[in-house]
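Just below is one structure, and these are the notes that go with it.
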Amino acid sequence: MSDRALLVLIGAPGAGKTRTGKRLSKLLGAPLIDTDSTVVSGHGPIAKIFEEHGEPHFRALERAAVAAALREPAIVTLGGGAVLDAETQADLEGLPVVQLTVRPDAVEKRIANGKRPLVSSGIDAWAALVASRQPIYDRLSQLTIDTSDVPLDSVAVRIADWLETRRHD
Ligand SMILES: Nc1ncnc2c1ncn2[C@@H]1O[C@H](COP(=O)(O)OP(=O)(O)O)[C@@H](O)[C@H]1O
Ligand SMILES: O=C(O)C1=C[C@@H](OP(=O)(O)O)[C@@H](O)[C@H](O)C1
Ligand SMILES: [Mg+2]
């Protein structure tokens with residue numbers, strides 16, 4: 001049997017997927033693949049890709065990174081929009097998928113660095129984007145954790161505990 005991801009984190013931009021994935025990787029001693037980091041390593045900053053080549057080009061690069069990552073025995077953290085891809089949705093079937101969520105009041109500061117082109121105009125754009133995707137995040141995930149008031153370490157521990165329980169089911 002080919003390798004598959006150990007855990008996948010999905011959810012809204014700024015919910016904490018990348019940072020939580022890093023903590024979990026340390027906690028579990030497992031490798032981490034952040035698909036945005038893969039794209040950035042190969043093609044430069046995301047905002048620049050959007051500016052110079054447009055969103056469809058970014059999505060194609062992202063899909064390639066996601067397809068490769070999901071075939072590795074690693075913790076995989078996706079960009080917030082990666083789950084819009086139908087092939088990615090199919091690839092996630094049967095994998096442990098955790099959704100991170102965050103309230104608008106808590107995310108505002110987190111996304112203020114201008115690195116996320118789709119939400120750089122502010123919290124209303126973020127809220128509209130997340131509302132449109134919420135049914136997909138809900139359908140694909142088996143566990144949801146709101147990170148608004150929970151420290152990173154605690155989010156990581158909760159996910160590690162859940163994974164452990166799942167192993168014994
Ligand atoms: N549980 C948390 N509590 C407080 N701040 C957090 C938490 N998780 C993430 N952050 C902060 O939010 C920002 C975005 O985190 P990141 O992991 O990049 O989110 P995502 O990958 O979901 O877009 C970072 O500055 C990070 O430090
Ligand atoms: O929600 C989105 O469409 C995006 C989220 C970002 O990742 P994070 O969710 O890790 O911020 C990044 O992939 C890109 O800016 C597009
Ligand atoms: Mg991220």
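Considering only the stretch 140-150, I want to know if a residue exists there that is assigned to a helix (DSSP H, G or I) and in contact (Cβ under 8 Å) with a residue 12 or more places away in the chain. I'd like the intermediate steps shown before the answer.
Here is the first cut: in the stretch 140-150, the residues assigned to a helix (DSSP H, G or I) are 140.
Next, only the ones that are in contact (Cβ under 8 Å) with a residue 12 or more places away in the chain stay: 140.
Within the stretch 140-150, one or more residues are assigned to a helix (DSSP H, G or I) and in contact (Cβ under 8 Å) with a residue 12 or more places away in the chain.
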Among the residues of the stretch 10-61, the number that are closer than 18 Å to residue 100 by Cβ and under 15 Å from the mean Cα position of the chain (by Cα) is 22
Residues of the stretch 60-88 being within 13 Å of ligand 2 (Cβ to nearest atom), touching a strand residue (DSSP E or B) at 6+ places or on another chain (Cβ under 9 Å) and assigned to a loop (DSSP other than H, G, I, E, B), in sequence order, are 78, 79, 80
Filter the stretch 104-114 for residues that are surrounded by fewer than 14 Cβ atoms within 10 Å (Cβ to Cβ) and in contact (Cβ under 8 Å) with a residue 24 or more places away in the chain; the one that is nearest to residue 44 (Cα to Cα) is 114
By residue number, the members of the stretch 41-84 that are farther than 25 Å from residue 25 by Cβ, more than 16 Å from ligand 1 (Cβ to nearest atom) and out of contact with any Leu (no Cβ under 8 Å at 6 or more places or on another chain) are 48, 51, 52, 53, 54, 56, 57, 60
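Among the residues of the stretch 89-110 satisfying the criterion of being aliphatic (A, V, I, L, M) and not in a loop (DSSP other than H, G, I, E, B), which is farthest from residue 16 (Cα to Cα)?
Restricting attention to the stretch 89-110, the residues satisfying the condition of being aliphatic (A, V, I, L, M) are 90, 92, 95, 97-98, 100, 102, 106-107.
Okay, now just the ones that are also not in a loop (DSSP other than H, G, I, E, B), so 90, 97-98, 100, 106-107.
On the way: 90: 24, 97: 14, 98: 12, 100: 7, 106: 11, 107: 9 Å.
Across the stretch 89-110, the extreme among qualifying residues is 90.
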Exception for residue 18 within (1) open to solvent by 40 Å² or more (accessible area, probe 1.4 Å); (2) more than 13 Å from ligand 3 (Cβ to nearest atom); (3) touching a strand residue (DSSP E or B) at 6+ places or on another chain (Cβ under 8 Å) falls at (2)
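Tally up the residues in the stretch 111-131 that are assigned to a helix (DSSP H, G or I) and either in contact with a helix residue (DSSP H, G or I) (Cβ under 6 Å, 6 or more places away or on another chain) or not charged (D, E, K, R) (or both), please. Spell out the reasoning first.
Here is the first cut: in the stretch 111-131, the ones assigned to a helix (DSSP H, G or I) are 117-119, 123-131.
Restricting the remaining residues to those that are either in contact with a helix residue (DSSP H, G or I) (Cβ under 6 Å, 6 or more places away or on another chain) or not charged (D, E, K, R) (or both) gives 117-119, 123, 125-131.
Result for the stretch 111-131: 11.
The values are calculated or read from the model by the stated rules, or taken from the named source; none is laboratory data. Please read these numbers as outputs of a predicted model, since none were measured by experiment. Note: ideal-geometry Cβ built from the backbone for every residue, glycine included; neighbour counts use all protein chains shown. Protein only, heavy atoms only, side chains kept; ligands, DNA and RNA dropped before computing areas. Shrake-Rupley method; radii C 1.70, N 1.55, O 1.52, S 1.80 Å.
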